Amino acid sequence: MIHDYKRPESVLVIIYTKAGDVLLMERRQPEDYWQSVTGSLEWDEQPRDAAIREVREETGLEVGDLLVDCEKTVRFRILPAWRDRYAPEEEYNTEHLFLVELPEQVDITLNPHEHRQLRWFPARHAALKASSYTNQQAIEKFVFFRD
C-alpha cells in the first residue's frame, strides 16, 4: 500500500533572526548531518500545514503568522540514507521552501528523538554548515549576510 511509505514531498523551513543568525540542528542519523527544520508531508497535508507542524514538532515554536511561503520548490534525487522510507518506484522528492524571521534568538525545545543539538550560526557559517545543498542554497538566497 502506498501509505506504508513516506510521501515524496517535503518542506524546508529556514528560521533566522533579523541579525542574520540561522538555526541549524544536528540530526541523530546520519551523524554530523546539520539542517534547518525539514520533514515530509503527510498524505493528506498541504505544504504550509506541514511547515507549521514540523516547526512545532522540531522546535516547539508556534510560527503560523510568521511563516512566509517562498513559493519555491526544488526537486532532488532521494539520498541513499533515506531511500528505504520511500516506495521503490520513487526516485525524487519535491521540497517546498518557507522562511521564519524572528526578532532575535529564542529558546528552542529540541526534539531529542530527531536531533542531537542545535546552534544559531551567522548566515554565512550556516550556509557552509548545512549538510543539504538545497538548505545551503536557500540560506544563501533568502537570509541577509552581515559581514
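Every read-out reported here was derived from the displayed coordinates using simple, explicitly stated rules and does not represent laboratory data. Computed from a predicted model, the values in this text were never measured in an experiment. When we count neighbours, we look across all protein chains shown, and the Cβ atoms used for this are built from the backbone with ideal geometry, even at glycine.
Amide H to amide H, which residues 5 or more places from V37 or on other chains are under 5 Å from it, using H placed in the peptide plane?
For V37, whose amide H was placed from the backbone, the distant partners under 5 Å are V13, I15.
Take peptides 87-98, 10-21 and line them up by average Cβ neighbours within 10 Å, highest first, as a rough protection proxy.
My ranking of the peptides, most packed first, is 10-21, 87-98.
Which order do the peptides 109-116, 37-44 come out in when sorted by mean C-beta neighbours inside 10 angstrom, highest first?
Output ranking for 109-116, 37-44: 37-44, 109-116.
Using a 10 Å cut-off around each Cβ, can you sort S36, S131 from fewest to most neighbouring Cβ atoms?
The fewest-first ordering by Cβ neighbours comes to S131, S36.
Karplus couplings for the range 38-54 from phi (6.51 cos²θ - 1.76 cosθ + 1.60, θ = phi - 60°), rounded to Hz, Gly and Pro as x?
Running phi through 6.51 cos²θ - 1.76 cosθ + 1.60 with θ = phi - 60° gives 8, x, 7, 6, 5, 4, 10, 10, 8, x, 4, 5, 5, 4, 4, 5, 5 Hz.
Magnitude of the Cβ-charge dipole of the chain, K/R +1 and D/E -1, about the Cα centre, nearest 20 debye?
Computed about the Cα centre, the dipole is about 520 debye.
Residue by residue, what Karplus-based ³J(HN,Hα) values in Hz, rounded to whole numbers, does the range 70-77 have, using 6.51, -1.76 and 1.60 with θ = phi - 60° and x for Gly and Pro?
Calculated HN-Hα couplings, in order: 6, 6, 10, 10, 10, 10, 9, 5 Hz.
Remind me, relative contact order of the chain in percent, using alpha carbon pairs under 8 angstrom and six or more residues apart?
36
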